[in-house]
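> What follows is a structure written as structure tokens; I'll ask about it next.
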């Protein structure tokens with residue numbers, strides 16, 4: 001019988017460039033729908049709503065790609081789709097560039113747009129490569145499209161230190177497909193979704209017949225069922241007693257964080273909350289203390305350290321910059337109390353422009369009125385902070401996006417984390433969608449590793465997430481407050497943690513490349 005073939009009207013290879021309204025504008029509209037899916041207001045309607053809109057967006061793109069088109073046209077369509085999608089995913093950067101960086105509104109908008117257009121070149125290039133090797137076998141080509149999608153998201157996560165914000169898998173965190181996360185990670189999840197949606201759309205498109213349509217329905221239903229079943233498999237198990245925690249959310253406006261006249265009240269509030277907490281662990285946000293210990297008021301830092309005696313019953317994780325001019329400066333988290341006191345974690349994956357200046361862009365940084373500079377990277381494989389019978393793995397803000405780097409800490413199972421802790425400061429981006437999107441990212445990390453996550457942030461989202469990726473306690477965003485909760489640590493290593501600890505994202509890249517480059521004799 002062979003594999004069913006999907007042909008465009010007029011025969012494969014004969015589709016001309018279609019009118020602007022049916023191709024270019026269609027790709028722009030589909031990308032816009034994907035951007036809307038990233039909104040917290042959409043998520044507030046229903047947890048599954050972002051996935052529905054995101055799937056509709058990709059379905060529109062798949063419909064445009066169903067006819068056999070020239071590779072250059074596919075590259076243009078996918079690039080347009082990706083550009084609009086990423087503007088929705090990263091448009092919050094406008095706030096930091098304009099409000100806090102002092103750039104004119106037009107220049108800030110242009111900078112965001114150019115960045116998104118540049119990052120979307122990966123999707124355009126992957127689309128071009130896919131179209132060049134298209135076989136005419138619909139299900140084979142749909143699988144290859146999933147591989148091309150993975151290549152594009154892999155490139156965005158890796159090339160030039162990576163900027164993977166808004167990856168498609170994060171929109172699926174409240175769907176049965178999320179059960180694949182501990183197996184294949186967020187990019188593998190996105191690839192399965194992209195290939196599956198495309199296969200279903202094509203089965204009902206022009207040239208689709210009864211058997212092919214039945215196969216499309218089977219792909220959708222079977223895929224969701226398999227993913228749900230895979231998500232029921234537990235690779236981690238409870239360890240020790242539930243840990244009592246206190247998470248601080250200081251809600252300090254970014255334009256006041258480094259203002260000398262405002263720092264006294266902020267330092268006092270953090271010290272008061274840290275010292276008065278009676279839980280086993282208290283966590284303060286990224287740069288909760290925005291000055292080097294040597295720059296703090298006399299006695300402040302020694303007094304704070306003394307409040308958490310070595311091997312005491314209470315411990316703390318506090319965001320603070322460390323270092324000096326000779327050794328370099330780090331964005332760090334200091335652990336106080338416990339047998340390891342003082343513990344130190346230095347941020348490994350730095351933010352381009354914010355924490356290091358890419359080569360050739362110092363002129364751009366000079367245009368902004370921001371306290372930016374070059375920080376020193378910490379080690380990739382960092383030890384955990386021991387809190388009673390738990391091993392807490394800190395991350396600082398942006399590096400929570402890189403699950404494959406966090407996986408490096410799972411190479412030795414006996415030393416692997418049992419609890420994740422992210423400290424962040426998203427005040428740079430105001431009351432934007434960044435807070436909601438970063439929460440979805442943290443939930444995906446919990447799914448990938450089947451570990452709970454603590455998040456202590458300046459403006460939100462300060463939450464406790466369980467090992468199934470569900471938020472169990474939270475503070476309202478953009479308010480000052482203290483969150484007390486209990487969290488159960490988990491021990492074990494998921495398949496994703498196992499293979500990513502040993503090879504990073506390279507296995508996923510190799511599989512995707514194999515799918516995309518597979519050649520078959522086109523059928524006409």
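> Can you tell me which residue among 217, 158 is surrounded by fewer than 24 Cβ atoms within 10 Å (Cβ to Cβ) and free of Cβ contacts under 8 Å to residues at least 60 places away in the same chain?
Within the list 217, 158, the selection yields 217.
> In the set 127, 147, which member is in the same structural domain as residue 58 (by TED's automatic domain parsing), touching a residue at least 12 places away in the same chain (Cβ under 8 Å), closer than 20 Å to residue 28 by Cα and touching a helix residue (DSSP H, G or I) at 6+ places or on another chain (Cβ under 6 Å)?
Of 127, 147, the one residue that is in the same structural domain as residue 58 (by TED's automatic domain parsing), touching a residue at least 12 places away in the same chain (Cβ under 8 Å), closer than 20 Å to residue 28 by Cα and touching a helix residue (DSSP H, G or I) at 6+ places or on another chain (Cβ under 6 Å) is 127.
> Scan the stretch 418-459 for residues that are under 19 Å from residue 181 (Cα atoms), touching a helix residue (DSSP H, G or I) at 6+ places or on another chain (Cβ under 6 Å) and in a loop (DSSP other than H, G, I, E, B) and jot them down.
The one that is under 19 Å from residue 181 (Cα atoms), touching a helix residue (DSSP H, G or I) at 6+ places or on another chain (Cβ under 6 Å) and in a loop (DSSP other than H, G, I, E, B): 450.
> Given the options 79, 85, name the one that is under 21 Å from residue 167 (Cα atoms) and under 19 Å from the mean Cα position of the chain (by Cα). Can you show your working first?
Numbers: 79 fails: under 19 Å from the mean Cα position of the chain (by Cα).
It is 85.
> Is one or more of the residues making up the stretch 223-237 more than 30 Å from residue 489 (Cα to Cα) and either touching a residue at least 40 places away in the same chain (Cβ under 8 Å) or assigned by TED's automatic domain parsing to the domain that holds residue 101 (or both)? Talk me through it step by step, then tell me what you get.
Looking only at the stretch 223-237, we keep the residues that are more than 30 Å from residue 489 (Cα to Cα), and these are 223.
Right, trim to either touching a residue at least 40 places away in the same chain (Cβ under 8 Å) or assigned by TED's automatic domain parsing to the domain that holds residue 101 (or both) and you get 223.
Yes - at least one qualifying residue is present in the stretch 223-237.
> Name the residue, out of 443, 474, that is closer than 29 Å to residue 386 by Cβ, crowded, with 22+ Cβ neighbours inside 10 Å and either in contact (Cβ under 8 Å) with a residue 12 or more places away in the chain or not assigned by TED's automatic domain parsing to the domain that holds residue 279 (or both).
Numbers: 474 fails: crowded, with 22+ Cβ neighbours inside 10 Å.
Result: 443 is the single residue among 443, 474 that is closer than 29 Å to residue 386 by Cβ, crowded, with 22+ Cβ neighbours inside 10 Å and either in contact (Cβ under 8 Å) with a residue 12 or more places away in the chain or not assigned by TED's automatic domain parsing to the domain that holds residue 279 (or both).
> While we're here: I'm told residue 516 meets every condition in (1) at pLDDT 95 or above; (2) farther than 26 Å from residue 92 by Cα; (3) part of a helix (DSSP H, G or I) except one. Can you identify the failing condition by its number?
(1)
> Still on this structure, please answer the following. Let me spell it out: the conditions are (1) crowded, with 20+ Cβ neighbours inside 10 Å; (2) over 21 Å from residue 517 (Cα atoms); (3) modelled with pLDDT of 95 or more, and residue 117 meets all of them except one. Which number is the exception?
Of (1) crowded, with 20+ Cβ neighbours inside 10 Å; (2) over 21 Å from residue 517 (Cα atoms); (3) modelled with pLDDT of 95 or more, only one is false for residue 117: (1).
Yes/no per residue for (1) out of contact with any strand residue (DSSP E or B) (no Cβ under 9 Å at 6 or more places or on another chain); (2) surrounded by fewer than 19 Cβ atoms within 10 Å (Cβ to Cβ); (3) at pLDDT 95 or above:
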position: 146; (1), (2), (3): yes, no, yes
position: 149; (1), (2), (3): yes, no, yes
position: 179; (1), (2), (3): yes, no, yes
position: 184; (1), (2), (3): yes, no, yes
position: 188; (1), (2), (3): yes, no, yes
position: 191; (1), (2), (3): yes, no, yes
position: 198; (1), (2), (3): yes, no, no
position: 204; (1), (2), (3): yes, yes, no
position: 210; (1), (2), (3): yes, yes, no
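> Taking the stated definitions as given, is residue 253 under 29 Å from the mean Cα position of the chain (by Cα), on the phi < 0 side of the Ramachandran plot and either outside the structural domain of residue 460 (by TED's automatic domain parsing) or surrounded by fewer than 20 Cβ atoms within 10 Å (Cβ to Cβ) (or both)?
It is true that residue 253 is under 29 Å from the mean Cα position of the chain (by Cα), on the phi < 0 side of the Ramachandran plot and either outside the structural domain of residue 460 (by TED's automatic domain parsing) or surrounded by fewer than 20 Cβ atoms within 10 Å (Cβ to Cβ) (or both).
The values are calculated or read from the model by the stated rules, or taken from the named source; none is laboratory data. These numbers come from a predicted model, not from an experiment. Neighbour counts run over all protein chains shown; Cβ positions are idealised from the backbone, glycine included.
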